[in-house]
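Pasting in a structure now, in structure tokens, and then I'll have a few things to ask.
The values are calculated or read from the model by the stated rules, or taken from the named source; none is laboratory data. This structure is a prediction, so every number in the text was calculated from the model and none was measured. A quick note on method: Cβ atoms are made from the backbone with ideal geometry, for glycine too, and the neighbour counts reach across all protein chains shown. Heavy atoms of the whole protein, side chains included, go into the accessibility calculation; ligands, DNA and RNA do not. Shrake-Rupley method; radii C 1.70, N 1.55, O 1.52, S 1.80 Å.
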Amino acid sequence: MRPKVDRIARPWGDRAPYGRGEAWPVRVDSYLEPGTTADAVERWVPTASLLHSNGDAMEVAVAHDRIVGVRGRPADRVNHGRLGPKDLFGWQANHAKDRLTTPLLRDGGRLVPCGWDTAMDRIADRTRELLDESGPGAIGFYTTGQLFLEEYYTLAVIARAGIGTNHLDGNTRLCTATAAEALKETFGCDGQPASYTDIDHADVIALFGHNMAETQPVLWMRVLDRLAGPDPPRLVCVDPRPTPVACRAAVHLAPRAGTNVALLDALLHEIIRTGRIDRDFVDAHTVGFEELAERVADTTPDWAARICDVPTRKITEAAEILGGAERLLSTVLQGVYQSHQATAAACQVNNLQLVRGMLGRPGCGVLQMNGQPSAENTRECGANGDLPGFRNWENDTHVEDLARIWNVDPSRIPHYAPPTPAMQIFRYAEQGSLHMLWITGTNPLVSLPDLHRIREILGQARLFTVVQDLYLTETAQLADVVLPAATWAEKTGTLTNADRTVHLCEKAVDPPGEARPDLDILLDYARRMDFRDTDDRPLIGWHDAESAFEAWQECSRGRPCDYTGITYDRLRDAGGIQWPCTEAAPDGTERLYTDGISWAAPDDCETYGRDLLTGAAVSETEYRALNPDGKAVLKAAEYVPPHERTDETFPLQLITGRTLYHFHTRTKTARTPQLNAAAPEVWVEVSAAEALRHDVAEGDLVEVTSPRGSVRGRLRITGIRDGMVFLPFHYGYWDTPEGHRPGTNGGRAANETTVTDWDPVSKQPLFKTAAARLTLVEHGDGTGSPAPTTTASAPADPRHIPPTAGGPAAVAGQSGGEP
């Protein structure tokens, strides 16, 4: 192992091979800013990564009250010391010179600095006016997946029991809503069944729409180290792009966009037809097998091959591998969640695990992944369209239990309808019934689909908008009040990653200027609003992060996500701990469902479910008849074509996605020199055949146009499937002269082109099923596209394209060691 590596050129570092069932070797990654030595570091402060959902444990180096670097924590269960490129370099965005340092208030059409009292009084006054005039339904909250648990829980209590509004959701609706719904539909309740340690034991790993190499690079390092060791696992990859995962797969299936259900139905057909099911497990732990078997009886590989445009033999080969696995681990992400029939497809992955009896044992399980660092916390705390503690809004006993904990009357907690999903909140704002929208730590003017429409909604004078963020984002530029927030390493709180591991993130330095932790802002708002409980005591009884965590512990007590065995002191001593953690399981719980299905009984479940095709609710009576004993539900799904199809005018399928080097709308990663230099500008990907068909070449400036808008970028020719065009979704306008909208040279944000459409069950917007056309704007000068060469955007012909590298500024340390 080399002591230093350019982690832009080699994002996953060097290999530490290990075999099946062995412990993953430690490798400690580190980076200090140029000119700083380890001896100059005054203290190392424990935390976890912020720019993805993996939950990598790390320490922040501090010198002279300033962050100067990071290193991985070798003893932590999640990453064994490893860090990805965003972990190593992303902290530099905290130092950006354009951080917001004082509140801003719109005055005469301009945002002008003001004091905290002025800003918060303005928000509280407008809240009271709207409550008097229109009631709680006039107020909505749109949060993020990047705050801490303590902040989400406080926000949920304020919104649901303080204001009494049903309009609270997060941008996690865009990344993790389908994961939650798929788990609820199958297991009756949210909660990740598997653990990252299952990679150590699996002999087959199937990745469905999950470019793990770029979305969770440290988890991919774990897979790479298994692949480099003895008895490596075989990979099955479903992805239309030539991702690093696809390049290492035994079978790579690249279906047409929007056909995941057809493909999965064919895989289930083959596994059932060949008798590779665990009948004892199916009988003991599931309901619905006969309906599933009947549904897939005719979905042969030949049938799916015609729909998916994937060779029949490849489908059969994949089914052979999945059906013959001794220990099968499946993972799922945005290639499924943001595509047509999202929840239906994700449930078929659950079905695949269940019919094979691959659950609750080392190496056997499903990881319905998340996109953001604390997406899991939004689901647990009720800040993402559910009630806190995975409580069922249709179950009066669950609502009464929550009301008891908050000491309010159950009628104060809105449960007359499902909590409002994000796209419906923006629809209410568009229609005029929602008059105030408080946006926390997210940038919908780049991240939501059909941006022309979102700009019109947020530009309305009748909508009072509060934006709480680190920078003057595209969204903040249109706000009425802007609140400067502290970020990771400037405040204390907990994050829970995609495999239920809880980490404590400690404050390392002070935030800049007058910026405040999000928790402090919310507590300030609650005090000014004087929210009270039934006994006329303050509704919010906590005052800091640790006391907020203790309040959450009580809310989680006895629930699937039970935190009562976790304390700040235990997290400081032990590092990451997986929930549920209780007196009966003091060390946490590595994997769920080791002894049957736990939370699917009608009185316990988080939902009674929905029809996977229409989204229509299943009634309590229907659910009790279907699943009286609380088993896993094998929900069958019929394939139906996407709503927006290609035609002569728009002949290409348009999909959007991410790159390894950026996070969301680049607000942080574009302010990180190494990451921004690796992917400085938007690009457009097509196959060599499509480039020939359109008479365009690598580096040409092209325009992608859909029925809603267009984007311009330099062309990259890759191994993406024919008939498809790809756009990275990160790029917006805050670093352009126009600020928040396209300029005269055309659009830069991929969501200028995407369609307003969502999954009927999870309500997650779809970013991978639109139709578009490609036109040449001007030929290139031979310098090629700015797309990275190290990732799924690698050029089909690399001979004339300079490889992506970071140079001396991106050289990081790596060393072996003992945990």
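Considering only the range 432-481, how many residues are under 23 Å from P113 (Cα atoms), open to solvent by 10 Å² or more (accessible area, probe 1.4 Å) and of a type in the set (D, E, K, R)?
Within the range 432-481, residues that are under 23 Å from P113 (Cα atoms), open to solvent by 10 Å² or more (accessible area, probe 1.4 Å) and of a type in the set (D, E, K, R) number 3.
Considering only the range 92-112, state which residues are within 31 Å of the chain's Cα centre (by Cα), outside any loop (DSSP other than H, G, I, E, B) and under 13 Å from A476 (Cβ atoms).
Passing the criteria: only L104.
Would you mention how many residues in the range 307-325 are out of contact with any strand residue (DSSP E or B) (no Cβ under 8 Å at 6 or more places or on another chain), open to solvent by 50 Å² or more (accessible area, probe 1.4 Å) and in contact (Cβ under 8 Å) with a residue 60 or more places away in the chain?
1
Does T197 count as modelled with pLDDT of 95 or more, assigned to a helix (DSSP H, G or I), of a type in the set (S, T, N, Q) and surrounded by fewer than 24 Cβ atoms within 10 Å (Cβ to Cβ)?
Taking the combined requirement at face value, the residue satisfies it.
Let me ask something else about it. Give me the pairs, please: first residue somewhere in the range 605-632 and free of Cβ contacts under 8 Å to residues at least 24 places away in the same chain and surrounded by fewer than 21 Cβ atoms within 10 Å (Cβ to Cβ), second residue anywhere and part of a helix (DSSP H, G or I) and not basic (K, R), beta-carbon distance under 7 Å, and either six or more positions apart or on two chains.
The qualifying pairs do not exist here.
Restrict the check to the range 41-64 and report whether at least one residue is over 27 Å from the mean Cα position of the chain (by Cα), of a type in the set (G, A, S) and open to solvent by 40 Å² or more (accessible area, probe 1.4 Å).
Within the range 41-64 (the criterion being over 27 Å from the mean Cα position of the chain (by Cα), of a type in the set (G, A, S) and open to solvent by 40 Å² or more (accessible area, probe 1.4 Å)), the answer is no, since none of the residues qualifies.
The conditions are (1) within 15 Å of W683 (Cα to Cα); (2) surrounded by 14 or more Cβ atoms within 10 Å (Cβ to Cβ); (3) not small (G, A, S), and T775 fails exactly one of them. Which is it?
Checking T775 against (1) within 15 Å of W683 (Cα to Cα); (2) surrounded by 14 or more Cβ atoms within 10 Å (Cβ to Cβ); (3) not small (G, A, S), the one that fails is (2).
Right, another one. Within the range 490-509, is there a residue that is farther than 18 Å from G145 by Cα and either more than 25 Å from the chain's Cα centre (by Cα) or without any contact (Cβ under 8 Å) to a residue 60 or more places away in the chain (or both)?
Checking the range 490-509: at least one residue is farther than 18 Å from G145 by Cα and either more than 25 Å from the chain's Cα centre (by Cα) or without any contact (Cβ under 8 Å) to a residue 60 or more places away in the chain (or both).
What single numbered condition from (1) surrounded by fewer than 22 Cβ atoms within 10 Å (Cβ to Cβ); (2) touching a helix residue (DSSP H, G or I) at 6+ places or on another chain (Cβ under 7 Å) fails to hold for C247?
Failing condition for C247: (2).
Would you check which residues across the range 159-192 are of a type in the set (A, V, I, L, M, F, W, C) and farther than 30 Å from D536 by Cβ and list them?
L174, C175, A177, A179, A180, A182, L183, F187, C189
Using the structure shown, decide if K491 is part of a loop (DSSP other than H, G, I, E, B), buried (at least 22 other Cβ atoms within 10 Å of the Cβ), basic (K, R) and modelled with pLDDT of 95 or more.
yes
Moving to a separate point now. Do you know which of the residues in the range 575-589 that are among the aliphatic types (A, V, I, L, M) and touching a residue at least 12 places away in the same chain (Cβ under 8 Å) is farthest from G55 (Cα to Cα)?
A585
Also: Within the range 139-160, track down each residue that is buried (at least 24 other Cβ atoms within 10 Å of the Cβ) and assigned to a helix (DSSP H, G or I).
Result: L149, E150, E151, Y152, Y153, T154, L155, A156, V157, A159, R160.
I've got another one for you. Inspect all residues belonging to the range 530-545 and state whether any of them is under 25 Å from the mean Cα position of the chain (by Cα) and buried (at least 19 other Cβ atoms within 10 Å of the Cβ).
Yes, some residue in the range 530-545 is under 25 Å from the mean Cα position of the chain (by Cα) and buried (at least 19 other Cβ atoms within 10 Å of the Cβ).
Ok, one more. Would you check if L519 is within 27 Å of H52 (Cα to Cα) and surrounded by 19 or more Cβ atoms within 10 Å (Cβ to Cβ)?
Judged against the criteria, L519 is a match.
Out of all the residues in the range 164-179, which are more than 25 Å from G135 (Cα to Cα), part of a loop (DSSP other than H, G, I, E, B) and either in contact with a strand residue (DSSP E or B) (Cβ under 9 Å, 6 or more places away or on another chain) or among the charged types (D, E, K, R) (or both)?
Across the range 164-179, the qualifying residue is only T176.
If you don't mind, another one. Is it fair to say G365 is open to solvent by less than 10 Å² (accessible area, probe 1.4 Å), outside any helix (DSSP H, G or I) and under 30 Å from N171 (Cβ atoms)?
The answer is yes for G365.
Restricting attention to the range 571-600, and to residues there that are assigned to a helix (DSSP H, G or I) and either within 22 Å of L183 (Cα to Cα) or out of contact with any Leu (no Cβ under 9 Å at 6 or more places or on another chain) (or both), which single residue is least open to solvent (accessible area, probe 1.4 Å)?
A574
Kindly state which strands (runs of 3 or more DSSP E) lie completely within the range 669-777 and contain at least 2 residues that are charged (D, E, K, R) and within 27 Å of the chain's Cα centre (by Cα).
Ranges flagged: 710-718.
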